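Asks: Got a structure here, written out as structure tokens. Questions coming.
The values are calculated or read from the model by the stated rules, or taken from the named source; none is laboratory data. If you're wondering where the values come from, they're calculated on a predicted model, not measured in any experiment. Every residue, glycine as well, gets a Cβ built from its backbone with ideal geometry; the counts of neighbours run over all protein chains shown.
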2 protein chains.
Amino acid sequence: MKDAYVAPTLPQPYLLFLGDVVEPGYAKTAFGLRDWAGSKCVGEFACDGAAVSTGLERMSPAEARARGARSLVIGVANSGGVIGDTWIAPLVEALEAGLDIVSGMHMGLAALPALADTAAAQGRRLIDVRTPPTGIPVGTGRKRAGKRLLAVGTDCAVGKKYTALALANAFFARGLDCDFRATGQTGIMIAGGGMPMDAVVSDFEAGAAEMLSPDAGSDHWDVIEGQGSLFHPAYAAVSLGLLHGSQPDVVVVCHEPGRTAMLGTAGYELPSVDETIDLTLRLGARTNPAIRCGGVSFNTARLNDAEAAKLIAAESERLGLPVADPIRGGAAFDRLVENCLG
Amino acid sequence: MKDAYVAPTLPQPYLLFLGDVVEPGYAKTAFGLRDWAGSKCVGEFACDGAAVSTGLERMSPAEARARGARSLVIGVANSGGVIGDTWIAPLVEALEAGLDIVSGMHMGLAALPALADTAAAQGRRLIDVRTPPTGIPVGTGRKRAGKRLLAVGTDCAVGKKYTALALANAFFARGLDCDFRATGQTGIMIAGGGMPMDAVVSDFEAGAAEMLSPDAGSDHWDVIEGQGSLFHPAYAAVSLGLLHGSQPDVVVVCHEPGRTAMLGTAGYELPSVDETIDLTLRLGARTNPAIRCGGVSFNTARLNDAEAAKLIAAESERLGLPVADPIRGGAAFDRLVENCLG
């Protein structure tokens, strides 16, 4: 199935840039790319003093270019979302070596004169994956051909991207015709394209989701990364526009057992998995009356093996649905995959 | 109660510009300003050949300026949302006469060199009310002081702005401390400020609504103009962000009896008033558990007096709530107002 729309199309393979960070927590994008798009990463590059490594071979931009790299990806974040002075020289070096630069940071790359001037002189591109494409249409709600799965969540940062990627890989492994549809910055870098849903003007939110998962063959699956939560007081608009525009046949509810407070809110409690299934099906039925819940994905990183297995079994029994942790995989995850496929 | 935030603050009073339109349907903004902000309009101005009038005195920009006008408002729309060549000369004349220009059109005023150059030379402002302010924060869901009413709808263009304005006027008439909070272009022009909710980036949608109706005195009412519909496949994201961020104590459901298909969709049926009340209260309870429905506002323009009175009485009985058409007013509207105040 040829893609009718994937934007922006990022220049791969990548050289992963780690800046000067010393905390692995700030290098989540680089780790995500290593884990989910490792075949598209030729190596890593960092400032002197950086104390984090992805384990990929460290090399200069010129070496990476010689090995086929087409862009440097900023694989680290810092609390302000800005590009520090210490990063300018290595980023200029990358442009001069013939690499484009791909960034998911809040600060636009072209706002830095040294980068803008060098890119112009070298004929290289500065690509901000947070910038939506132009020409996003207003949604229509028209039913599109093909099958769609959307990962939804009880909160932000509960494993929606990871779940969608694991399900897409499992679909691929079964020989199915499938696309992972990215909706956030790291997902877009992994997929090489997608739609930064949280950066789209709200009037076009559902239309953007419609654009992201166009008509496809009747056996084709789009596995769509979720954003936010319908219960989040700041981000529910993003989640609802994505749900309506995606018109999923199947949703998988992602949850971190043990989390009780919603991220970044004034004391909001997490909704239950049951409430999340119920509200998602009610709202999603507006654009796809056949919507169903394929199962539940738990992030059990804080539990040991025995605790996780016990909880997964108990919750699966209670809900009458497959429950699995995609990272742990196993028979529980196979059951989740099979139930999503229906 | 002093407003903590109303942006942009528009320069009033206005001169209403009617362009060269010949169909009254294209001059809805001008008629809305005449009806709801008549004391802020000194007159109207049009190209030769215009066949529409608001009934206000026709005058040149120089005359309007002499009578105190501070801006010319583009009170007409056309299907493309663009500013035609025939409008350039009269708009330049207005700038040269000392008026700013206020526009709600899709096309930015500054994109027209003749306007940009004249405005710069004259020290005048070109104000696009569709442009959101900078610095909108992410929402938090924190409960704010004061009371809030939000008009919601079974569809777009069912009378939400009209209903909110009529309720705000009724609250004023009862001596209450009240602000009308505008969320669309015409509403913003009427109020002289507000938040263009459909133009806000989706990640900030709820935060924008929080910004629009800040903490206020415990007896103060914000009466907030609604947008879209939670059931609209294109615009529900706007509606949910506005509902969450507004955290209304009271909602009034707006509906046009007899309409069966949602505007601009691929064959979507209108939801019932009952379904709209139910879903609005369920979703709104997330940020205000005390939310309640104050009643229902019908747009009965297509019915005669007897038909409207019969339908309003029957629906009020069936729903157990006040139902009224604000344009018809009367005892039914008084009951709606009283029930909103609780």
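Asks: Output the number of residues of segment A:310-342 satisfying the condition of being among the acidic types (D, E) and touching a Ser or Thr at 6+ places or on another chain (Cβ under 7 Å).
Replies: The number of residues fulfilling the criteria is 1.
Asks: Okay, moving on. In the set B:V52, B:V73, which member is more than 27 Å from B:G123 (Cα to Cα) and of a type outside the set (D, E, K, R)?
Replies: When all the criteria are applied, what remains is B:V52.
Asks: Residue by residue through segment A:33-43, note down the ones that are of a type in the set (G, A, S) and farther than 23 Å from A:T86 by Cβ.
Replies: A:A37, A:G38, A:S39
Asks: Mind checking which residues of segment B:254-281 are of a type outside the set (D, E, K, R), away from chain A (no Cβ under 14 Å) and crowded, with 16+ Cβ neighbours inside 10 Å?
Replies: Passing the criteria: B:C254, B:H255, B:P257, B:V273, B:I277.
Asks: Another question, if that's okay. Being hydrophobic (A, V, I, L, M, F, W, C) and either more than 21 Å from B:V253 (Cα to Cα) or touching a Ser or Thr at 6+ places or on another chain (Cβ under 9 Å) (or both): is that true of B:A157 here?
Replies: Answer is no for this residue.
Asks: Restricting attention to strands (runs of 3 or more DSSP E) lying wholly within segment B:147-227, give those where 3 or more residues are within 14 Å of chain A (Cβ to nearest Cβ).
Replies: Of the strands (runs of 3 or more DSSP E) lying wholly inside segment B:147-227, none has at least 3 residues that are within 14 Å of chain A (Cβ to nearest Cβ).
Asks: Go through segment B:92-133 and count every residue that is among the hydroxyl-bearing types (S, T, Y) and in contact with a Pro (Cβ under 8 Å, 6 or more places away or on another chain).
Replies: Qualifying residue count, segment B:92-133: 1.
Asks: I'd like to check which helices (runs of 4 or more DSSP H) are fully inside segment A:11-100 and have at least 1 residues that are touching a helix residue (DSSP H, G or I) at 6+ places or on another chain (Cβ under 8 Å) and closer than 19 Å to A:T186 by Cα.
Replies: Passing ranges, in order: A:28-36.
Asks: Out of all the residues in segment B:282-310, which are buried (at least 19 other Cβ atoms within 10 Å of the Cβ), within 14 Å of chain A (Cβ to nearest Cβ) and either among the hydrophobic types (A, V, I, L, M, F, W, C) or not in a loop (DSSP other than H, G, I, E, B) (or both)?
Replies: B:L283, B:G284, B:I291
Asks: For segment B:131-143, what are the residues that are surrounded by fewer than 20 Cβ atoms within 10 Å (Cβ to Cβ) and either more than 10 Å from every other protein chain (Cβ to nearest Cβ) or closer than 25 Å to B:Q12 by Cβ (or both)?
Replies: B:T131, B:P133, B:T134, B:G135
Conditions (1) in contact with a Phe, Trp or Tyr (Cβ under 9 Å, 6 or more places away or on another chain); (2) under 22 Å from A:D35 (Cβ atoms); (3) in contact (Cβ under 8 Å) with a residue 40 or more places away in the chain; (4) in the same structural domain as A:V92 (by TED's automatic domain parsing), marked per residue:
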| residue | (1), (2), (3), (4) |
| --- | --- |
| A:A120 | no, no, no, yes |
| A:T134 | no, no, no, no |
| A:P137 | yes, no, yes, no |
| A:A166 | yes, yes, yes, no |
| A:N169 | yes, yes, no, no |
| A:L176 | yes, yes, yes, no |
| A:G194 | yes, yes, yes, no |
| A:V200 | no, no, yes, no |
| A:I224 | yes, yes, yes, no |
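Asks: Evaluate the following for B:K28: is it surrounded by fewer than 22 Cβ atoms within 10 Å (Cβ to Cβ) and at pLDDT below 85?
Replies: Answer is no for this residue.
Asks: Would you mind finding the one in B:S202, B:S229 that is more than 21 Å from B:D325 (Cα to Cα) and touching a helix residue (DSSP H, G or I) at 6+ places or on another chain (Cβ under 9 Å)?
Replies: Just a single option satisfies the conditions, and that option is B:S202.
Asks: Let me ask another. Given the conditions (1) buried (at least 24 other Cβ atoms within 10 Å of the Cβ); (2) in a loop (DSSP other than H, G, I, E, B), which single one is not true for B:H244?
Replies: Of the numbered conditions (1) buried (at least 24 other Cβ atoms within 10 Å of the Cβ); (2) in a loop (DSSP other than H, G, I, E, B), the odd one out for B:H244 is (2).
Asks: Residues to consider are A:P257, A:P248; find the one that is within 22 Å of the chain's Cα centre (by Cα) and within 26 Å of A:A216 (Cβ to Cβ).
Replies: It is A:P248.
Asks: Ok, one more. Out of (1) within 30 Å of A:K143 (Cα to Cα); (2) in contact (Cβ under 8 Å) with a residue 40 or more places away in the chain; (3) within 11 Å of chain A (Cβ to nearest Cβ), the odd one out for B:G245 is which?
Replies: For B:G245, the exception is condition (1).
Asks: Moving to a separate point now. Report, by residue number, each residue of segment B:274-315 that is in contact (Cβ under 8 Å) with a residue 24 or more places away in the chain and either closer than 17 Å to B:F333 by Cβ or outside the structural domain of B:D155 (by TED's automatic domain parsing) (or both).
Replies: B:C293, B:G294, B:G295, B:V296, B:S297, B:F298, B:N299, B:T300, B:A301, B:L303, B:L311, B:E315
Asks: Restrict the check to segment A:230-240 and report whether at least one residue is of a type in the set (G, A, S), part of a loop (DSSP other than H, G, I, E, B) and within 14 Å of another protein chain (Cβ to nearest Cβ).
Replies: Yes, segment A:230-240 contains a residue that is of a type in the set (G, A, S), part of a loop (DSSP other than H, G, I, E, B) and within 14 Å of another protein chain (Cβ to nearest Cβ).
Asks: Considering segment A:94-130 alone, what residues qualify as being of a type in the set (S, T, N, Q) and surrounded by fewer than 20 Cβ atoms within 10 Å (Cβ to Cβ)?
Replies: Of everything in segment A:94-130, just one residue is of a type in the set (S, T, N, Q) and surrounded by fewer than 20 Cβ atoms within 10 Å (Cβ to Cβ), namely A:Q122.
Asks: Here's another thing I want to ask about it. Just to be sure, is A:V251 β-branched (V, I, T) and either surrounded by fewer than 16 Cβ atoms within 10 Å (Cβ to Cβ) or more than 14 Å from chain B (Cβ to nearest Cβ) (or both)?
Replies: So A:V251 passes the test.
Asks: Could you figure out which of (1) under 20 Å from B:G192 (Cβ atoms); (2) crowded, with 20+ Cβ neighbours inside 10 Å; (3) modelled with pLDDT of 95 or more isn't true of B:L56?
Replies: For B:L56, the exception is condition (2).
Asks: Could you check segment A:63-93 and list, in sequence order, the residues that are more than 15 Å from A:D20 (Cα to Cα) and exposed (fewer than 15 other Cβ atoms within 10 Å of the Cβ)?
Replies: Hits for segment A:63-93 are A:A66, A:R67, A:G68.
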